[in-house]
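As structure tokens, the structure follows; a few thoughts come after it.
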Amino acid sequence: IQGDENLQSMLLGTVMRKIKSRTWKKQRYFKLQEDCMTIWYKSKKTGNSHSTFSVGDVEAVREGHQSEVLQSIAEEFPPDRCFTLVFRGRRGNLDLVADSAEEAKTWIRGMRKLIENLENMGQREKLDQWICDWFKKADKNNDGCMNFKEVRDLLKMMNVDMNEHHALRLFQMADKSQSGTLEDDEFVLFYKMLTQREDVLRLFQEFSGDGQKLSLLELVEFVREEQLQCEQSRQHALLLIDRYEPSDTAKKLHAMTIDGFLMYLSSPEGSIFNPRHLGLYQDMKQPLSHYVISSSHNTYLIEDQLRGQSSIEGYIRALKRGCRCVEVDCWDGPNGEPIVYHGHTLTSKIFFKDVILVLSNYAFKVSEYPVILSIENHCSVEQQRVMAHHLNSILGDMLLKTTVDGKIPSRLPSPEELKGKVLVKGKKIGSLEECVTGPGEEHFGEVSDEDEAADIDDDSTRRKAKKPSQQLSKELSDCVVYCKSVHFSSFKHARTRSKLYEISSFTESKARKLIKESGAEFVQHNTRQLTRVYPSGMRTDSSNYNPQDMWNVGCQIVALNFQTAGMEMDLNDGLFSQNCRCGYVLKPKFLRGWERFDPENPRGLEGYMPLRLSIQVISGQQLPKVNIKEGSIVDPLVRVEIHGVPMDQAKQETKYIDNNGFNPVWYETLQFTVHVPELALVRFVVEDYDKTSKNDFVGQYTLPFMSIQQGYRHIHLLSKDGTSISPASLFVHIRITDLA
């Protein structure tokens, strides 16, 4: 803080307007707390009620009119006084207007500095900060120290159920000054005694000759025998000491103390996720059809499918999560401007041109690989021309207008060849070959209408009405190159008649029917052409289907409602958490080649080699409180789920631990057989057991089976929204062996 004028000014506090709509504009007093981690704000009118949010919850600060709300009041307040705080997960933005441009600048710079500081913090600092936050919560009378009653209340808040005698003993041991209260350092000592990791100490002593430290040889043995990191294990052990050992004395001896050992096990290297899979490690030069692509359905919706709000924020959020296929439903709008909304419903409307502007700003911020814009077009020919104009003028060179090399393609291009490009998926007049050899003269043509809402699910007994035909403008048709939408007749028809740039869309039930009836043919189809699957029209609440079934047959564009948290989006986040989160994951070899693979019967696969996965769930750390009821403590259990081919679908859970969310210990082993590891995802879920009603969700973590690191590992849990709930974690031991 010293010397930073922005932060000094934020500590003093500022009155700003909080804006929710054109009519809702209210003054609030905003102030940075002394911890430089919390923003406190209150209404000028209501007596004591105030709110706070953590700087760690803020993902970004946008300057000027960069949200729909601020754009709607643009004429009233100049951009240099406006800014938006964007929160992580699915929480709404906070739109603010300062009294002067200078005050806005102060908060924009200050917030960015705080966010940057937080991102650069080491584990130890983060933990100390976390302890400090708890201290502030518990120090009810703000006197900077804590009496025993405040400590007891704090333990409840922290999810610790501890008998009074034990708590008092720890309190007295920490109260070095014997003042009957704990000051800052004494509280940290109390916390460290409270969080002593018996499970890690036990493991440490198993490998340590003298019980005090791990010598270099002992650490090498641990890394080799337990963590199964055999390559250059001596170099690796030296690196770990250098990186995680806090004691200089131990470092000089090339040794590791229990503190260093715990730091290593809690670090990214001690995590269950293989760090080598975090970066871009896959071949990106294969045809598009060889990848699974992170895809969103009705991207403009941020709520349900009938009355929900349409918003450009839907696109920003999806693109920031690495999504590479977004969707627009276009209809004729006022003053010749096409609009985007869920047709025949009460969802609100946004302009098509605003969506394309967002695409031009956000498409390649997280990933440089191509974005597919899936257009469901209900516009008149006149407004289709306007759409084509916006695509060309706003996207410019980003818009792919012709084949990569100007020739008729013999295979789909690769993500590498299409870097930085937006591909339009939609109807097209005639064939790509005609466009390459020479443009036709016609200004519009007739194509069949494509309307998801009219797709009555295939399990319904009603016959689909013959689809009406629709006029398509040549200008919009020319924007479609490699993703020409066509109606699907049969796999045989596709094999003999289809072009590789043609793409068909299926409702989830139609896709499931095809998987059951002809899985192996579906796999073959997907080696050459793109397939899109989308949720049933019955899912008006924006719920999701299980994407795993579709990935099992190699469907590339498996579109989900990104706004809805749950197991399905956890699987999507888990699959795409690898390969630099670039939104493209290379399919396994047997989903790219000519060998026959049927997910219903994987035993016929060449090189079929089932594995045994053994997971010892050892302990949990600082699981968040989910039930707000006074005095309630979590009764946690851990469920491990395998998602993959039908034979691999399985789940098992530990018993629940009574009243301990702070440091529950299980030491329970769960075992699974995995027949097709290349397609499997493993999901860890922690729940609060409730014998009378449904268990409450506490946290989860999902990752590809092939990205698991063996040995003693921490799993850093995530919220329903996929955001970090640090320092909540699980400690496990993992072994993967051949099924002899």
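Taken along its principal axes, the alpha carbon cloud of the range 205-298 reaches lengths of 59, 30, 23 Å, longest axis first. Here the ratio of the Cα radius of gyration of the chain to 2.2 N^0.38 Å is 1.05.
Mean projected area of the convex hull spanned by the Cα atoms of the range 623-740, taken over all viewing directions: 8.2 nm². Eigen-decomposition of the gyration tensor built on the alpha-carbon atoms of the range 256-301 gives equivalent ellipsoid semi-axes of 37, 18, 6 angstrom, largest listed first.
Going by average Cβ density within 10 Å per residue, which order do the peptides 655-662, 17-24 take, highest to lowest?
Ranking the peptides 655-662, 17-24 by packing returns 655-662, 17-24.
Summary value for the chain: 11 percent relative contact order, contacts being C-alpha pairs under 8 angstrom separated by 6+ residues.
Per-residue ellipticity at 222 nm, computed for the chain from helices alone with -39500 (n - 2.57) per DSSP H run of at least four residues, works out to -8500 deg cm²/dmol. Eigen-decomposition of the gyration tensor built on the alpha-carbon atoms of the range 385-427 gives equivalent ellipsoid semi-axes of 21, 12, 9 angstrom, largest listed first.
Give the average over all directions of the projected area of the C-alpha convex hull of the range 297-354, one decimal, in nm².
Orientation-averaged projected area of the Cα hull: 3.8 nm².
Per-peptide packing, taken as the mean over residues of other Cβ atoms within 10 Å, places 197-206, 294-303 in the sequence 294-303, 197-206 from highest down. I'd like the FRET efficiency for His389 and Gln178, computed as 1/(1 + (r/R0)^6) with the beta carbon distance as r and R0 of 60 Å, rounded to 0.05. Efficiency at R0 = 60 Å is approximately 0.15. When the solvent-accessible area of the range 111-196 is split by element, carbon and sulfur atoms take up 51 percent of it, the probe being 1.4 Å. Compared with the dominant Cα axis of the chain, that is its longest principal axis, helix 508-528 is turned about 80°. Near the amide H of Lys425, within less than 5 Å, lie the amide hydrogens of Leu373, Ser374, Ile375, all on another chain or at least 5 residues away, with H placed in the peptide plane. How about the range 599-653: which GluC sites (Glu not before Pro) there are in a DSSP loop, with at most 14 other Cβ atoms within 10 Å of their Cβ? Within the range 599-653, the qualifying GluC sites (Glu not before Pro) (loop, at most 14 other Cβ atoms within 10 Å) are Glu600, Glu606, Glu630. Beyond 25 Å in Cα-Cα separation lie the following of the pairs Lys26/Lys105; Lys694/Lys720; Lys137/Lys192; Lys192/Lys655; Lys126/Lys651: Lys192/Lys655; Lys126/Lys651. Solvent-accessible area of Thr437, all protein chains in place: 110 Å² (probe radius 1.4 Å, heavy atoms, ligands and nucleic acids excluded). Phi angles across the range 328-334 convert, under the Karplus curve 6.51 cos²θ - 1.76 cosθ + 1.60 with θ = phi - 60°, into 3J(HN,Hα) values of 10, 9, 9, 9, 4, x, x Hz, Gly and Pro given as x.
Rounded to 0.05, the FRET efficiency of the Glu34 and Met647 pair, given R0 = 60 Å and the Cβ-Cβ distance, is 0.55. For the listed peptides 573-583, 343-353, a ranking on the average number of other beta carbons within 10 Å per residue, highest first, reads 573-583, 343-353. Computed 3J(HN,Hα) for the range 174-185, one whole-Hz value per residue from the Karplus formula 6.51 cos²θ - 1.76 cosθ + 1.60 where θ = phi - 60°, is 7, 7, 4, 7, 6, 9, x, 9, 9, 8, 2, 5, glycine and proline marked x.
If you restrict to DSSP beta bridges whose two residues both lie in the chain, what percentage is antiparallel, to the nearest 5?
Taking every DSSP beta bridge within the chain, about 75 percent pair in antiparallel fashion.
What order do Met398, Met550 take when sorted by accessible area (1.4 Å probe), most exposed first?
In descending accessible area the options line up as Met398, Met550.
The 1.4 Å probe gives accessible areas that order Ile375, Ile725, largest first, as Ile725, Ile375.
Could you work out how far helix 198-207 tilts from the main Cα principal axis of the chain, as a 0 to 90 degree angle to the nearest 10? It works out to around 80 degrees. Between helix 101-119 and the chain there is an angle of about 70 degrees, using the helix long axis and the longest principal axis of the Cα atoms.
The values are calculated or read from the model by the stated rules, or taken from the named source; none is laboratory data. As the structure is a computational prediction, the values presented were derived from the model and not from experiment. Backbone-built Cβ (ideal geometry, glycine too); neighbour counts: all protein chains shown. Areas reflect the complete protein model, heavy atoms only, side chains present, ligands, DNA and RNA absent. Shrake-Rupley method; radii C 1.70, N 1.55, O 1.52, S 1.80 Å.
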